Amino acid sequence: MTGLPDATSISSAAEFYAQALAIEIEASDRYTLLAEQMEVHNNAAVAGVFRRMAELEIQHHDEIRARAGDLLVGGKKARFSWILPDGPEVTEFEKVHYLMSPYQALEIAKRNEERAAVWFEAVAKHTADLEIKRVAEQLALEEREHVLWVEDWMKKYPPAEAGWDEDWDQPVYSE
Ligand code: ZN
């Protein structure tokens, strides 16, 4: 499923760190794009939230990279893709919607923070490696914290109204 390896079968620290890095890189990229989209909407407040989250995920990334050190040499390849709240993978994110509301942007963030947290929790639960367990537990806690922040922000914005994704510039036909 969307590039996430089975958390119950992580077999090495190298595999764990490579996957953790992929999760953090994807998150910081997506937050940067979400911030840009909110800037298009002149929503500086939500753009600021996403910029801050992009920074936090980059910090995670740097910490993981430092911790992993030589384990990453030789390049274990890992991949993680954000998905939309209803499931499909986000491939052309910039097109996901230029009419996307702050609420919808936050909803996407929440869904993917939860996915990351669940994955780290499952790794922590199943690994026999105490170091991996400790790092995975810590990352899971921090991702859970991100979920809570996103939820707090969602309270400030109304859910999307029906028809949000209709393009208002479409020609209107009449008989
Ligand atoms: Zn996060």
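The values are calculated or read from the model by the stated rules, or taken from the named source; none is laboratory data. Because the structure is predicted, anything quoted here is derived from the model rather than measured. Cβ placement follows ideal geometry from the backbone for every residue including glycine, while neighbour counts extend to all protein chains displayed. Note: accessible area is taken over every heavy atom of the protein model, side chains too, but ligands, DNA and RNA are not part of it. Shrake-Rupley method; radii C 1.70, N 1.55, O 1.52, S 1.80 Å.
A compact table of results
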{"quantity": "Residue in the range 58-68 that is buried (at least 18 other Cβ atoms within 10 Å of the Cβ) and away from the ligand (no atom under 16 Å from the Cβ) present", "calculated": "yes"}
{"quantity": "One residue from E36, E15 being farther than 30 Å from D129 by Cβ and in a helix (DSSP H, G or I)", "calculated": "E36"}
{"quantity": "Residue in the range 10-27 that is open to solvent by 40 Å² or more (accessible area, probe 1.4 Å) and within 13 Å of the chain's Cα centre (by Cα) present", "calculated": "yes"}
{"quantity": "Any chance L72 is modelled with pLDDT of 90 or more and open to solvent by less than 70 Å² (accessible area, probe 1.4 Å)", "calculated": "no"}
{"quantity": "Verdict on R51 being part of a helix (DSSP H, G or I), surrounded by fewer than 19 Cβ atoms within 10 Å (Cβ to Cβ) and of a type in the set (K, R)", "calculated": "yes"}
